[in-house]
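A.B. asks: Before I ask anything, here is the structure I am working with.
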Amino acid sequence: MHVKFCGFTQPNDIKLAAQLGVDAVGLVFYPPSPRAVTIEQAQSLSASLPAFISIVALVVNMPRAELIELANQVAFDIIQFHGDETPEQCAQLASAVNKRWIKALRINADQHTAASVSAEINEFAAAGANSILLDAYHPHKYGGTGARFDWSLLPQDSSLPIILAGGLNADNVAATLDLPIYAVDVSGGIESDKGKKDAAKMRAFMKAVKRDRWQNETLGEPSNISN
């Protein structure tokens, strides 16, 4: 299971995440979010990371010129489009800065079925997305709510690797082991306050992920690391 910790604002927190072995860290570039960082903060945070840990820039309906400016000043690896961007807009924006990209879909049990989720994923796959992130729907927020959606809506044969977000923590991440997902993404579940990570919660989360992977491999079953 691949792991992304998101919403960093403190250098010590991001350094600990690296020490714990996360695969990716997320920086939020959406000013209304309590986890948003400035370009100056992002430069400092990214500079403290070792090689081979991906930096994901989370953006929400960011204009093209602003995204280009961000890419020119912050050394990130992947864009996470977390707003209302269409497949075509995501492809055009990512091409403008020559970056790989993820699209976040907010899943609403009243509006989605596993088939409709799969159809949406197919549209972004056709546009060139590298993965899809599935998060809980909120009418007024673009993620980071700490809510969990109905996991039965996860498609079994996704055309893109699925990153699962929404309400995850050290106590429930074990339940994701048998889901058809590629990675988990956590923010609020490892925090003491918005944007401030809790060292004990980060350690517990990574311990739970690593323990479940070890148990799975010990039993002779492959870890669920790809779709």
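The values are calculated or read from the model by the stated rules, or taken from the named source; none is laboratory data. Everything numeric in this text was worked out from a predicted model, so none of it was measured. Neighbour counts are summed over all protein chains in view; Cβ atoms, including those assigned to glycine, are modelled from backbone coordinates with ideal geometry. Just so you know, the surface numbers come from the protein's heavy atoms only, side chains and all, with ligands and any DNA or RNA stripped out. Shrake-Rupley method; radii C 1.70, N 1.55, O 1.52, S 1.80 Å.
A.B. asks: In angstroms, what radius of gyration and Dmax does region 1-114 have, counting Cα atoms only?
C.D. replies: Every Cα atom of region 1-114 included, Rg and Dmax give 14.4, 43 Å.
A.B. asks: Now a separate question. Build a GNM of the chain with springs between Cα atoms under 10 Å: which of 160, 58, 70 gets the top mean-square fluctuation?
C.D. replies: Evaluated over the chain, the most mobile residue of the options is 70.
A.B. asks: Counting each DSSP H run of 4 or more residues in the chain as -39500 (n - 2.57), what helix-only mean residue ellipticity at 222 nm follows after dividing by all residues, to the nearest 500 deg cm²/dmol?
C.D. replies: Values: 6 runs with 74 residues, N = 227.
Theoretical 222 nm ellipticity from helices: -10000 deg cm²/dmol.
A.B. asks: Filter the chymotrypsin sites (Phe, Trp or Tyr not before Pro) in region 36-96 down to the DSSP loop ones having no more than 10 other Cβ atoms within 10 Å, then list what survives.
C.D. replies: 52
A.B. asks: Pairs to check: 4/197; 103/207; 99/210; 15/194; 103/201; 15/207. Give those whose C-alpha atoms are more than 24 Å from each other in this structure.
C.D. replies: Over 24 Å apart, Cα to Cα: 103/207; 99/210; 103/201.
A.B. asks: OK, next. Please list, in order along region 174-185, the HN-Hα scalar couplings obtained from phi with the Karplus expression 6.51 cos²θ - 1.76 cosθ + 1.60 (θ = phi - 60°), rounded to whole Hz, x for Gly and Pro.
C.D. replies: 4, 6, 8, 4, 9, 7, x, 10, 9, 7, 10, 10
A.B. asks: If you don't mind, another one. Rounded, prolate or oblate for region 107-206? Axes are the square roots of the Cα gyration tensor eigenvalues, ordered a ≥ b ≥ c, and the cut-off for rounded is a/c under 1.5.
C.D. replies: prolate
A.B. asks: Provide the FRET efficiency to the nearest 0.05 for the residue 89-residue 51 pair, computing r from the beta carbons and using R0 = 25 Å.
C.D. replies: After rounding, the FRET efficiency stands at 0.20.
A.B. asks: Full extension from residue 126 to residue 108: what is 0.36 nm times the residue separation minus their Cα-Cα distance, to one decimal in nm?
C.D. replies: 4.2 nm is the gain from fully extending residue 126 to residue 108.
A.B. asks: If you build a Gaussian network model of the chain, linking Cα atoms that sit under 10 Å apart, which residue out of 100, 211, 203 swings the most?
C.D. replies: The residue with the greatest mean-square fluctuation here is 211.
A.B. asks: Probe radius 1.4 Å, ligands and nucleic acids ignored: give me the carbon and sulfur share of the accessible area of region 2-211 as a rounded percent.
C.D. replies: Here carbon and sulfur together make up 48 percent of the probe-accessible area.
A.B. asks: On alpha-carbon atoms, Rg over Rh for region 2-211 using Kirkwood Rh?
C.D. replies: 0.93
A.B. asks: Per residue, how much accessible surface does region 1-125 expose to a 1.4 Å probe? Answer in Å², no decimals.
C.D. replies: Each residue of region 1-125 exposes 44 Å² on average to a 1.4 Å probe.
A.B. asks: Moving to a separate point now. Taking springs between alpha-carbon atoms closer than 10 angstrom, which of 44, 187, 152 fluctuates most in the Gaussian network model of the chain?
C.D. replies: So, out of 44, 187, 152, the one fluctuating most is 152.
A.B. asks: Right, here's the next one. May I ask you to give the average projected area over all directions of the convex hull of the Cα atoms of region 86-134, in nm² rounded to one decimal?
C.D. replies: 3.1 nm²
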